[in-house]
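S.K.: Right, I'll just put the structure down here and ask away after.
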Amino acid sequence: MRKEITELSEKYRDIFVKCSDEIWATPEINFAEYRSHETAMNCMKELGFEISTLPDMDTAFIASAGHGSPVIGILGELDALPNLSQKADIDHPDPLVYGAPGHGCGHNLLGCGGMECAYILKKYFEEHNIEGTIKYFSCPAEEGGVGKVYMIHRGAFDDVDFCVNWHPSTSFGIVHDGKSILLQNYRFHGIASHAAGAPEMGRSALDALELFNIGIQFIREHMTKDTYIQYAITNAGGNAANIVQAYAEGQYVIRAKDNTELKKMQARVDKIAKGAAMMTETEVEEPEVVSAFSSFIDNPTLADLARKHIKECMPMQYTDEEKAYLEKFIACGSKAGSSELIDDEIHEDHKTSSDVSDVSWIVPTCMINVPTWAIGTSAHTWSATAQGKSSPAHKGMNLAAQIMANIALDMVEDPALIEQAKEELKKNLNGRVYEQECFIAKDRKPAPIY
Ligand SMILES: [Zn+2]
């Protein structure tokens with residue numbers, strides 16, 4: 001860790017803490033991050049970055065500084081989650097606005113940590129007259145909306161040499177793996193009929209959906225161990241049992257080790273849906289792809305640099321006040337009763353399920369986790385929202401910015417590492433081409449998934 005980077009972070013940290021807190025206070029869900037987008041974009045504009053936008057993506061921007069090559073990509077997100085509104089610092093569920101969104105995944109920190117990294121790199125480049133371009137990517141709709149996939153389709157990362165990224169967490173970590181994920185809606189159409197008067201005239205879409213589910217339960221024995229199928233019945237047709245249900249709908253998530261395996265599973269699941277429709281003399285629509293993430297392509301060069309810098313930051317240093325704060329949240333989380341305050345290990349077995357994985361197919365990409373929440377806190381919960389503007393959260397965000405800046409500088413100072421990282425990407429892709437493997441059509445327009 002470079003002393004000068006730490007000093008730059010300390011000097012400018014308040015700008016990003018303020019920005020993160022402002023975004024925490026305006027939680028917005030996928031593709032509707034308008035106020036957060038304005039806050040982040042204006043902040044970067046004021047700091048001297050050049051801003052560019054992308055077609056059909058109102059809440060995406062790219063903030064650039066510097067010139068020439070290499071081009072460093074820093075990935076950020078700003079979206080919140082539905083129904084996770086929560087008062088800050090309160091250790092029990094207590095929504096700020098009942099039913100409203102909240103920053104239960106810490107993307108206010110994620111985004112502003114990336115912005116801080118970009119800014120301290122900009123300052124460092126200027127001070128040392130370093131050639132290179134810094135690009136901060138403000139990516140919308142990570143939570144299911146796969147904003148980065150649409151950014152890839154628009155060529156946003158085409159000139160980038162490598163990307164760094166972080167995610168708030170309860171411990172330090174380096175991501176090496178992440179499954180391919182596909183979210184699809186299946187819609188069955190039958191014939192309505194009065195269940196007492198003329199049941200023989202009806203064809204039940206609900207029966208079809210139930211048989212589809214039974215088929216799914218039977219296929220589980222014949223899938224690889226790292227494949228999962230999960231589902232929700234999103235429309236059972238109606239509330240009246242004396243009517244043959246003419247419509248039923250379910251949402252299915254398929255997770256597999258990579259896109260190739262996922263494609264095979266998609267075909268098998270589709271076949272079961274068709275079989276269920278055939279059995280019940282109903283119709284099933286061509287399934288709708290709601291969302292899809294690619295598998296994560298590991299980059300050992302970047303991961304090794306991340307490990308080196310993370311080790312230098314461990315263990316996290318907290319004040320007594322911060323320790324008391326964390327203890328309060330440990331007591332209401334899954335590690336309640338534990339005397340452990342800090343998880344002093346670098347976790348390298350966590351699997352990501354993020355659209356950062358898609359970027360990892362295009363550009364050598366590094367994804368790290370940095371502690372911002374009390375151990376035992378789950379992402380996507382009220383507790384993560386509650387801790388999102390605390391002192392430990394800000395500390396983690398500042399540290400993440402420093403670690404990412406150090407990784408980037410190692411790469412910039414040794415161009416051979418950039419080449420090595422690119423070679424690794426090529427090797428790990430093993431001939432696979434993103435455009436052929438991606439489940440989201442290139443001409444598809446970005447759209448919210450909820
Ligand atoms: Zn997240």
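S.K.: May I ask you to give the percent of accessible area on the chain that is carbon plus sulfur, with a probe radius of 1.4 Å?
M.R.: 51 percent
S.K.: Relative contact order for segment 180-291 using alpha-carbon pairs under 8 Å, separation at least 6, rounded to a whole percent?
M.R.: RCO, segment 180-291: 44 percent.
S.K.: What residues from segment 166-206 fall in the zone where the backbone N is under 19 Å from a label point 7 Å along the Cα-to-C-beta line of residue 10?
M.R.: The answer is none, because no backbone nitrogen lies closer than 19 Å to the label point.
S.K.: How big is the accessible area of residue 69 in square angstrom, nearest 10, if you roll a 1.4 angstrom probe over the protein chains?
M.R.: 80 Å²
S.K.: State, as an integer percentage, the relative contact order of the chain based on alpha-carbon contacts under 8 Å between residues 6 or more apart.
M.R.: 24 percent
S.K.: How much length is gained if the chain between residue 196 and residue 267 is pulled fully straight, taking 0.36 nm per residue apart and subtracting their Cα-Cα distance, in nm to one decimal?
M.R.: Computed gain between residue 196 and residue 267 is 21.8 nm.
S.K.: Then there's this: Just to be sure I follow: if Rg is taken over the C-alpha atoms of the chain and Rh is the Kirkwood radius over the same atoms, what is Rg/Rh?
M.R.: 1.02
S.K.: Under 17 Å from the 7 Å Cα→Cβ point of residue 413, by amide nitrogen: which residues of segment 303-329?
M.R.: In segment 303-329, the label zone of residue 413 (backbone N under 17 Å from the point 7 Å along Cα→Cβ) covers 303-313.
S.K.: In whole Å, what are the extents of segment 2-93 along the principal axes defined by its C-alpha atoms, from largest to smallest?
M.R.: Its Cα atoms span 48, 39, 20 Å along the three principal axes.
S.K.: Run lengths n ≥ 4 of DSSP H only: what is the helix-derived mean residue ellipticity at 222 nm for the chain, with -39500 (n - 2.57) per run over all residues, to the nearest 500?
M.R.: Helix-only estimate at 222 nm: -13000 deg cm²/dmol.
S.K.: Oh, and also: Under a 1.4 Å probe, what is the accessible area of segment 26-70 per residue, stated in Å²?
M.R.: 45 Å²
S.K.: Taking the radius of gyration and the Kirkwood hydrodynamic radius from Cα positions alone, what is the Rg/Rh ratio for segment 148-276, to two decimal places?
M.R.: 1.15
S.K.: With all protein chains present and a 1.4 Å probe, how do 154, 268 order by accessible area, largest first?
M.R.: Heavy-atom accessible area, descending, gives 268, 154.
S.K.: Starting from the Cα of residue 89, step 7 Å along the direction of its Cβ; do the same at residue 131; then give the gap between the two resulting points in nm.
M.R.: 5.0 nm
S.K.: Checking the cross-link filter: which lysines have an alpha carbon closer than 18 Å to that of residue 427, excluding same-chain neighbours under 8 positions apart?
M.R.: The reachable lysines, counting only those whose Cα sits under 18 Å from residue 427, are 257.
S.K.: From the alpha carbon gyration tensor of segment 311-415, can you work out the equivalent ellipsoid semi-axes (sqrt of 5 times each eigenvalue) and give them in Å, largest to smallest?
M.R.: 28, 17, 12
S.K.: Still on this structure, please answer the following. Give me the angle, in degrees from 0 to 90, between the Cα long axis of helix 259-280 and the longest principal axis of the Cα atoms of the chain, rounded to the nearest 10.
M.R.: The angle comes out near 20 degrees.
S.K.: Would you tell me the accessible area of residue 322, worked out with a 1.4 angstrom probe on the heavy atoms of the protein chains, in Å² to the nearest 10?
M.R.: The value for residue 322 is about 20 Å².
S.K.: Can you tell me the 0 to 90 degree angle between the C-alpha axis of helix 320-330 and the longest principal axis of the chain, rounded to 10?
M.R.: 10 degrees
S.K.: Roughly speaking, what is the centre-to-centre gap between segment 376-424 and segment 11-57 when only Cα atoms are used, to the nearest Å?
M.R.: After rounding, the separation between the Cα centres reads 18 Å.
S.K.: Next up: Just the number, please: percent antiparallel of the DSSP beta bridges in the chain, rounded to the nearest 5.
M.R.: 65 percent
S.K.: Hey, which of these cross-link pairs are over 29 Å Cα-Cα: 18/135; 308/445; 3/45; 11/148; 135/389; 18/328?
M.R.: 308/445; 11/148
S.K.: Would you rank 67, 350 by solvent-accessible area, highest first, keeping every protein chain in place and using a 1.4 Å probe?
M.R.: 67, 350
S.K.: Defining a contact as two alpha carbons under 8 Å apart and six or more residues distant in sequence, what relative contact order in percent does segment 237-342 show?
M.R.: It comes to 14 percent, rounded to a whole number.
S.K.: Something else about it: What ³J(HN,Hα) values, in whole Hz, does the Karplus curve 6.51 cos²θ - 1.76 cosθ + 1.60 give for segment 339-353 when θ = phi - 60°, with x put for Gly and Pro?
M.R.: 8, 6, 9, 10, 8, 9, 9, 8, 7, 10, 10, 6, 9, 8, 10
S.K.: Suppose R0 equals 22 Å; then what is the FRET efficiency for residue 25 and residue 328 from their Cβ-Cβ distance, rounded to the nearest 0.05?
M.R.: So the FRET efficiency works out to roughly 0.55.
S.K.: Could you pull out every one of the aspartates and glutamates with an alpha carbon less than 16 Å from that of residue 311, ignoring same-chain neighbours closer than 8 positions?
M.R.: Hits, sequence-local ones excluded: 343, 344, 345, 348, 410.
S.K.: Probe 1.4 Å, all protein chains in place: accessible area of residue 222 in Å², nearest 10?
M.R.: The accessible area comes out at roughly 110 Å².
The values are calculated or read from the model by the stated rules, or taken from the named source; none is laboratory data. All figures in this text were calculated on a predicted structure; none of them were measured in a lab. A quick note on method: Cβ atoms are made from the backbone with ideal geometry, for glycine too, and the neighbour counts reach across all protein chains shown. With ligands, DNA and RNA removed, areas are computed over all heavy atoms of the protein, side chains included. Shrake-Rupley method; radii C 1.70, N 1.55, O 1.52, S 1.80 Å.
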